[in-house]
Amino acid sequence: RFFPNPSSIPTWMSNNAPPGAWDAYRNFTGCSPGKTYDGLSKLKNYFQRFGYITNAPPSNFTDDFDDALESAVRAYQQNFNLNVTGELDNATMNYIVKPRCGVADIINGTTSMNSGKFNFNNTSENKENPKFHTVAH
Amino acid sequence: YSFFPGEPRWPAGTKSLTYAFDPNENLDETTKQVFANAFNQWSKVTTITFSETTSFSTADIKIGFYSGDHGDGEAFDGVLGTLAHAFSPTDGRFHLDKAEDWVVSGDVTESTLSNAVDLESVAVHEIGHLLGLGHSSVEEAIMYPTISSKTRKVELVNDDIDGIQQLYGSNPNFTGTSATTSRDRDSSYGF
């Protein structure tokens, strides 16, 4: 629907705004690695769509908060300048549910944003100490 | 700023690109002007200009509003969620989600509808992709991936300008008066 300007939006419509496509993801706020949550596979689809999970067919996603998801959350937090916790904390979920461009943030695992500029190894010994590399800019 | 893998761009020497709207949409002139304004944001700072053509099939950039699965493997998801997507050079496809409540002009921040999305803000962002820019982590940048509803953001910042000028050079008339971002000013930031 197109509205020439904000005042052209009918009141009845303003009072009945439908929920956003990702509002239900807020239910995952507070989820942490190593546990299982109903429906978490849908969030993995989200992360795969935007390039944060690779090499996994969506039909195989489980509801486990596994290493792949934790790695995706960390890369996402890095890209969006959030505290890198690997958990679906409130600040992270507030970003995840925001409307956004459909173009992936990470393409073919090679780009981009902040996480592409770090040598970020997801092994446990490096999670708290990502290595920073300078990039010619 | 970032680029797509391989840094695809329009061929060297490209000075102008044409754009056309899917004729099935029959957009009014006010809406078309929003896209013209969005293209102009990029023309002001770089070497490429844009002009509308009525020939959808031959246009360099093809703009359309579509719902759900529309045949490019990137289905839209209804209200909010993904708002639009565009392809890297030289593909030219620029798709917007027909399910959104698009506000064409006026102050979208005054909207009483919580889902209202500013059309020009999204258009400026997607044109960046059409020209070869990927997403940026600079929150003030046009190429930042998210935009809240009832938000207007149409002015390029230095991060966007640096990126596009890296690809195509600077418009000789550009005076470099764009606003800086907090990251530009943060000398402790190491990149």
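Evaluate segment B:84-92: report whether one residue or more is more than 10 Å from every other protein chain (Cβ to nearest Cβ) and touching an Asp or Glu at 6+ places or on another chain (Cβ under 7 Å).
The first filter runs over segment B:84-92 and keeps only residues more than 10 Å from every other protein chain (Cβ to nearest Cβ), leaving B:89-92.
Subset that is touching an Asp or Glu at 6+ places or on another chain (Cβ under 7 Å): B:92.
Within segment B:84-92, one or more residues are more than 10 Å from every other protein chain (Cβ to nearest Cβ) and touching an Asp or Glu at 6+ places or on another chain (Cβ under 7 Å).
Going through B:134, B:78 one at a time, which residue ends up being out of contact with any His (no Cβ under 8 Å at 6 or more places or on another chain), among the small types (Gly, Ala, Ser) and either more than 7 Å from chain A (Cβ to nearest Cβ) or over 20 Å from residue A:97 (Cβ atoms) (or both)?
When all the criteria are applied, what remains is B:134.
Here is a yes/no grid of residues against (1) at pLDDT 95 or above; (2) closer than 22 Å to residue B:109 by Cβ; (3) not acidic (Asp, Glu):
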{"site": "B:120", "(1), (2), (3)": "yes, yes, no"}
{"site": "B:126", "(1), (2), (3)": "yes, yes, no"}
{"site": "B:134", "(1), (2), (3)": "yes, no, yes"}
{"site": "B:141", "(1), (2), (3)": "yes, yes, yes"}
{"site": "B:153", "(1), (2), (3)": "yes, yes, yes"}
{"site": "B:159", "(1), (2), (3)": "yes, no, no"}
{"site": "B:162", "(1), (2), (3)": "yes, no, no"}
{"site": "B:170", "(1), (2), (3)": "yes, no, yes"}
{"site": "B:184", "(1), (2), (3)": "no, no, no"}
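Does residue B:116 fit the bill of being at the interface with another protein chain (Cβ under 8 Å from one of its Cβ atoms), within 24 Å of residue B:7 (Cβ to Cβ) and either buried (at least 21 other Cβ atoms within 10 Å of the Cβ) or in contact with a helix residue (DSSP H, G or I) (Cβ under 8 Å, 6 or more places away or on another chain) (or both)?
No; evaluated as a whole, the condition is false for this residue.
Only residues that are under 15 Å from residue B:119 (Cβ atoms) and touching a residue at least 12 places away in the same chain (Cβ under 8 Å): list them for segment B:139-171, please.
Listed by number, the residues that qualify are B:142, B:147, B:149, B:150, B:151, B:152, B:153, B:154.
State yes or no: is residue B:73 without any contact (Cβ under 8 Å) to a residue 12 or more places away in the chain, closer than 20 Å to residue A:108 by Cα and not hydrophobic (A, V, I, L, M, F, W, C)?
Numbers: without any contact (Cβ under 8 Å) to a residue 12 or more places away in the chain: yes; closer than 20 Å to residue A:108 by Cα: yes; not hydrophobic (A, V, I, L, M, F, W, C): yes.
Judged against the criteria, residue B:73 is a match.
Check off (1) among the small types (Gly, Ala, Ser); (2) away from chain B (no Cβ under 14 Å); (3) within 23 Å of residue B:96 (Cα to Cα) for residue A:71 and give me the number that stays unchecked.
So the condition that residue A:71 fails would be (3).
Test residue B:58 against the stated conditions and say whether it is more than 14 Å from residue B:22 (Cβ to Cβ) and hydroxyl-bearing (Ser, Thr, Tyr).
No, not satisfied.
When only residues in segment B:83-106 that are assigned to a strand (DSSP E or B) and acidic (Asp, Glu) count, which is modelled with the lowest pLDDT? Outline the logic, then answer.
Step one: filter segment B:83-106 for residues assigned to a strand (DSSP E or B), giving B:83-86, B:93-97, B:101-103.
Among the residues that remain, those that are also acidic (Asp, Glu) are: B:97, B:101.
Details: B:97: 98, B:101: 95.
Only one residue fits best here, namely B:101.
Of these, A:27, A:90, A:55, A:15, which one is out of contact with any helix residue (DSSP H, G or I) (no Cβ under 8 Å at 6 or more places or on another chain) and either buried (at least 18 other Cβ atoms within 10 Å of the Cβ) or within 13 Å of chain B (Cβ to nearest Cβ) (or both)?
Of A:27, A:90, A:55, A:15, the one residue that is out of contact with any helix residue (DSSP H, G or I) (no Cβ under 8 Å at 6 or more places or on another chain) and either buried (at least 18 other Cβ atoms within 10 Å of the Cβ) or within 13 Å of chain B (Cβ to nearest Cβ) (or both) is A:15.
Take the residues in segment B:107-118 that are in contact with a Pro (Cβ under 7 Å, 6 or more places away or on another chain) and part of a helix (DSSP H, G or I); name whichever of them is modelled with the highest pLDDT.
The selected residue is B:108.
Check segment B:19-41 and report whether any residue there is over 20 Å from residue B:102 (Cβ atoms), within 14 Å of chain A (Cβ to nearest Cβ) and part of a loop (DSSP other than H, G, I, E, B).
no
Hey, could you check segment B:10-24 for residues that are aliphatic (A, V, I, L, M) and within 19 Å of residue B:171 (Cβ to Cβ) and say which is surrounded by the most Cβ atoms within 10 Å (Cβ to Cβ)? Full working, then the answer.
Quick first cut of segment B:10-24, residues aliphatic (A, V, I, L, M) only: B:12, B:17, B:20.
Retained after the next criterion (residues that are within 19 Å of residue B:171 (Cβ to Cβ)): B:12, B:17.
On the way: B:12: 6, B:17: 22.
Of everything passing the filter in segment B:10-24, B:17 is surrounded by the most Cβ atoms within 10 Å (Cβ to Cβ).
Can you confirm whether segment A:39-48 contains a residue that is at the interface with chain B (Cβ under 10 Å from one of its Cβ atoms) and modelled with pLDDT of 95 or more?
Yes; the residues of segment A:39-48 include at least one that is at the interface with chain B (Cβ under 10 Å from one of its Cβ atoms) and modelled with pLDDT of 95 or more.
The values are calculated or read from the model by the stated rules, or taken from the named source; none is laboratory data. This structure is a prediction, so every number in the text was calculated from the model and none was measured. Reconstructed Cβ throughout: ideal geometry from the backbone, glycine too, with neighbour counts over all protein chains shown.
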